[in-house]
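Please treat every number below as a calculation from the coordinates, not as lab data. All values reported here derive from a predicted model rather than from experimental measurement. As a convention, Cβ positions derive from the backbone with ideal geometry for all residues, glycine included, and neighbour counts pool all protein chains shown.
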Amino acid sequence: MTELTWARVTPRAGLPYWLHSYRILVRWHLAGLRLWLTLLASIQILAGAGFVLGIALFFRHIPAIAALFVATGVPVINLVMVGLILGPQLVADQKLQQSYDFIRALPALQTAAACAWYTVCLLAGIPAVVISLVIAEARYGISFAVSPAILPAVLLTAFTGTMIGYALGHAVPNPMATRLTTQLLIFAIFGYTPILFPARQLPGWLATVDWWLPFGHMAVIVRAGLTDGLVTGVATSYAIVAVWGAIGIAVSAWALGRRG
Amino acid sequence: MSTGNALRAPSLPVAARSGPGYWLGSLSEMMRFDLGQARQWAAMTVVIQILMGAGMALMYGFFYPRITPAIALYISTGTPALALIPLGFVMVPGTVGQRKLEGTFDFIWSMPVPRSVQATSTFLLYTLLSLPGTVLALVVATWRYGIDLHISPQIVPGVGLCALMAVSVGFGMALAIGNPLVTNLIANALIFVVLLFSPIVFPPTNLPAWLFAVDRILPFYSMAEVIRAGLTTGLVTDLGRSYLVLLAWTAAGWIMTAWVVGRRR
């Protein structure tokens, strides 16, 4: 008689399994992207510093308010750059290189995978945020009034940026379309959304369009955590950014839940 | 006995593969070949140029709390340079990178025309293609900012030289640098530096002296100046130096191209 040996099967559900998946995937991303992330972090720091310093050249004497808006807007761009711009491009590359199906087949929970990716994006953005702020403080003599509100603002901004990028990467079937969209997004974020300058400097119709988009509101909530009395309607902005985060989750869930 | 007459080979019309006549004939053939290829993407080029040139001109305006006539004039007259820079320094290297990956160069270089003709054809083609988008971007910017320009005949050699310089340097750089990824990285870094730190849409007096010294050697400020001189009166001084800088960069692009194209493999 043969003896049956039972393999030890751990259930693929429950909190311990989720945490295990999460840990493994964070390590997976960090290892897989180690070269990219180092390069990207350096580019982010240079771009952040470049913008903070370069904006002064637009003016003979930069008005204090313009400097303040740029100084508090650059961190938003730093926070969403990896999740919103690089993330979809990486997924598009995976689709082109046919490694997408392999990664989809990994026995990890989708929510753990999304949270792991969010963690990586957040980690990649934070150093540039800090350095941009320090440079702005040194160059323009701005003293930021940092309040505890900065914490939820940073977490939510990075989250919504990452989730929109996640949705874009997974839901758009054509990698070229993804690439083009992210390139348009970079352009829009720098120049056509009220992140680096106040919304009143935009034409009325564009300001209205931007009111429905999350980017200007991300800047409002981050600004609220860094300054005193500069922004109003912070609760509305939190709500709009959160709604966009939820839309990102919903679209990603739909895209990842499909078969085929 | 028959003489050698019967054995005389029929004389083929063999044209000499040298001389200015042959070179110009080859050029017109090569231009037709390149134009045929360009039909696919020429319209797209114009659209991207309008988006980049006019799009950036509008964008710069949003950064100012109040747009004075001087600011508006600088932004509008900087627009043609903004439309030419992405074409020469990003799109041309991008096309070259793609051709390298596809192996198209080997095919084109195997054609029975001098390689100098092939390069000249490419330069001419891109220079011509870059003009409609540049003009349209300028039209959009002047309409947005309500600027009256004083257009002088100088604009023709000015824009022509700027376009030729941008295409030549972009092409030479893309050929000389082996890895397309490196070229891409340089192109993107360049665009970022140019858009923020080169006095194209703002006066150079805003810059610290050392930065302006650097910008006077790089081609971007000179492009803006040469074009601005054709659109305004009294705003641009030291035009001769700007032309010299552009000519020097054009020559550098050609030397890089000649060095790569002339090598045997």
Point to revise | Tail fraction, Cα-Cα pairs, segment A:19-257, threshold 22 Å, whole percent | key: 52
Point to revise | Percent of alpha-carbon pairs separated by more than 21 Å within segment B:141-230 | key: 44
Point to revise | Virtual spin-label span in nm between A:Arg27 and A:Ala235, 7 Å along Cα→Cβ | key: 4.5
**Study point:** Over segment B:43-191, relative contact order from alpha-carbon pairs under 8 Å, at least 6 apart, %
**Key:** 41
Review point. What is the mean number of Cβ atoms from other protein chains located within 10 Å of the Cβ atom of each residue in peptide B:55-66, rounded to a whole number?
Key: 5
Exercise for review: Could you work out, residue by residue across A:52-58, how many beta carbons of other chains sit within 10 Å of that residue's beta carbon, and then give the average as an integer?
Suggested key: 5
Practice item. Average the reciprocal distances over every distinct pair of alpha-carbons in segment A:30-159, invert the result, and give the Kirkwood radius in Å. Key: 16.3
Review point. Any idea what the dipole of the protein assembly as shown comes to, in debye rounded to 20, about its Cα centre with Lys/Arg Cβ at +1 and Asp/Glu Cβ at -1?
Key: 880
Review point. Pulled fully out, how much extra length does the chain show between A:Leu19 and A:Thr111, if you take 0.36 nm times their separation in residues and subtract their Cα-Cα distance?
Key: 32.1 nm
Check your understanding: Toward the positive end of the charge dipole of chain B, about the Cα centre and with charges on Cβ (Lys, Arg +1; Asp, Glu -1), which of B:Asn206, B:Ser152, B:Val260 goes farthest?
Key -> B:Val260
Exercise for review: Give, rounded to the nearest 20 debye, the magnitude of the charge dipole that segment B:141-265 has about its Cα centre when Lys and Arg contribute +1 at Cβ and Asp and Glu contribute -1 at Cβ.
Suggested key: 480
Check your understanding: Other chains' Cβ within 10 Å of A:187-194 residues: what's the mean?
Key -> 3
Practice item. Quick one: dipole size for segment A:19-257, taken about the Cα centre, charges +1 on Lys/Arg Cβ and -1 on Asp/Glu Cβ, in debye to the nearest 20. Key: 220
Study note, to complete from the structure: Cα extents of chain B along the principal axes, largest first, in whole Å, come to 100, 38, 34
Exercise for review: Using only alpha carbons, build the gyration tensor for segment A:133-230 and give me the equivalent ellipsoid semi-axes, biggest first, whole Å.
Suggested key: 27, 17, 13
Check your understanding: So how long is each side of the protein assembly as shown along the principal axes, counting just the alpha-carbon atoms, biggest first, in Å?
Key -> 106, 89, 38
**Study point:** Once the Cα gyration tensor of segment B:102-176 is diagonalised, semi-axes √(5λ) in Å
**Key:** 34, 13, 10
Practice item. Output the peptides B:192-201, A:237-246 sorted from most to least packed, where packing is the average of other Cβ atoms within 10 Å over each peptide's residues. Key: B:192-201, A:237-246
